[in-house]
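I have a structure here, written as structure tokens, and I will follow up with some questions on it.
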Amino acid sequence: MTRFTVNDRPVQFEMDPRTPLLWALRDAANLTGTKYGCGAGDCHACTVLVDGAALRSCLITLAECEGRFVVTVEWLSRDRSHPVQQAMVAEQAIQCGFCTPGIVMNAAALLARNASPSEAEIKAAIPNLCRCGVQPRLVRAVQRAAAVARREEKIDAAPPPGGTPRIPALSPHGPDTKQGKTP
């Protein structure tokens, strides 16, 4: 049995200690924000923080997590207020969203250790593969997140969960769906 902390909660997994952390998080803990991309550590979609370091969860085993602290994208910010999340939305650095959790976790780890990263440092710290081509906006997003973290800027780009207004769909006949007539 492997014991460690995930998102501030002590957990124990009754799984083979050689199981990749990725599968324990997704299948046993139902933390599906951590994505399976390549399974070889190349794409970085599965990045989580382990003791504050950005690690690819497909490459670290449960045994290697014993006694450590793991943070997934679900716990980074419950209300989407983390500077990286805000800046990713503000800079439109999200396309399909599949690689986004890993990018966010790498960026958060970078900003935790370097409050003013250069463009080269950002590119080196976030090697995530993104087929949608967000890389130019990604650099701007991380620079902007750094400014927010330093309290030089404020962004209100991402609404909190449940805070997005619902817009009712219109029927083919207009707003009044009872008899196909508009009021």
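What is the distance in Å between the Cα centres of the stretch 14-84 and the stretch 110-142?
When both Cα centres are located, 20 Å separates them.
Probe radius 1.4 Å, ligands and nucleic acids left out: which of 57, 81 has the largest accessible area, and how do the rest follow?
My answer, sorted largest first, is 81, 57.
For a Förster distance of 22 Å, can you work out the FRET efficiency between the beta-carbons of residue 64 and residue 135, rounded to the nearest 0.05? Write down the numbers at each step before the final one.
Details: r = 30 Å, r/R0 = 1.37.
Plugging the Cβ-Cβ distance into 1/(1 + (r/R0)^6) gives 0.15.
Roll a 1.4 Å probe over the protein heavy atoms and report the accessible area of residue 68 in Å², nearest 10.
The accessible area comes out at roughly 70 Å².
Continuing with this model, one more query. Per residue of the stretch 41-46, in order, report the coupling 6.51 cos²θ - 1.76 cosθ + 1.60 (Karplus, θ = phi - 60°) as ³J(HN,Hα) in whole Hz, putting x for Gly and Pro.
Per-residue couplings from phi come out as x, 7, 8, 6, 5, 9 Hz.
Same structure, new question: Could you calculate the contour length gain from residue 80 to residue 154, that is, 0.36 nm times the residue separation minus the distance between their Cα atoms, to one decimal place in nm?
25.3 nm
Just to be sure I understand: with springs between alpha-carbon atoms less than 10 Å apart, which residue in 34, 47, 19 has the highest mean-square fluctuation in the Gaussian network model of the chain?
19
I'd like the trypsin sites (Lys or Arg not before Pro) in the stretch 16-46 restricted to DSSP loop residues with at most 10 other Cβ atoms within 10 Å, sorted by number. Kindly include the intermediate steps, with their values, before the conclusion.
Values: sites: 18, 26, 35; in loops: 18, 35.
In loop regions of the stretch 16-46 (DSSP not H, G, I, E or B), the sparsely surrounded trypsin sites (Lys or Arg not before Pro) are 18.
Now a separate question. Which ³J(HN,Hα) values in Hz, rounded to whole numbers, follow from the phi angles of the stretch 49-62 under the Karplus curve 6.51 cos²θ - 1.76 cosθ + 1.60, where θ = phi - 60° and Gly and Pro get x?
9, 10, 6, x, 9, 6, 10, 7, 5, 7, 9, 10, 8, 4
Relative contact order, percent, of the stretch 46-119 when contacts are C-alpha pairs under 8 Å separated by at least 6 residues?
On the way: 63 pairs, mean separation 27.1, N = 74.
Across the stretch 46-119, relative contact order equals 37 percent.
Moving on. Out of (1) 160; (2) 121; (3) 147, which label holds the value of volume of the Cα convex hull per residue in Å³ that was computed here?
(1)
Among 33, 102, 133, which one shows the biggest mean-square fluctuation in a GNM of the chain, springs joining Cα atoms closer than 10 Å?
Top of the fluctuation ranking is 133.
May I pose another question? Among 138, 105, 61, flag the residue with its Cα farthest along the positive direction of the charge dipole of the chain, charges on Cβ as +1 for Lys/Arg and -1 for Asp/Glu.
138
Relative to the first principal axis of the alpha-carbon coordinates of the chain, what is the inclination of helix 135-149, with its axis defined by its Cα atoms, in degrees from 0 to 90 and to the nearest 10?
Once rounded, one gets 80 degrees.
What does the helix-only formula give at 222 nm for the chain: each DSSP H stretch with n ≥ 4 adding -39500 (n - 2.57), the total divided by the residues, and the result rounded to the nearest 500 deg cm²/dmol? Could you put the intermediate results ahead of the total?
Working: 6 runs with 52 residues, N = 183.
Only helices count here, giving -8000 deg cm²/dmol.
Compute the helix-to-body angle for 100-113: its Cα long axis versus the longest principal axis of the chain, expressed 0 to 90° and rounded to tens.
60 degrees
Continuing with this model, one more query. State, to one decimal in nm, how far the label point of residue 30 lies from the label point of residue 143, with both points 7 Å from Cα in the Cβ direction.
With each label point 7 Å from Cα toward Cβ, the separation is 4.2 nm.
The values are calculated or read from the model by the stated rules, or taken from the named source; none is laboratory data. Predicted, not measured: the structure shown is a model, and the values here were computed from it. Heads up, the Cβs are rebuilt from the backbone with ideal geometry, glycines too, and the neighbour counts pull from every protein chain shown. Side chains are part of the model used for accessible areas, which takes the heavy atoms of the whole protein and leaves out ligands, DNA and RNA. Shrake-Rupley method; radii C 1.70, N 1.55, O 1.52, S 1.80 Å.
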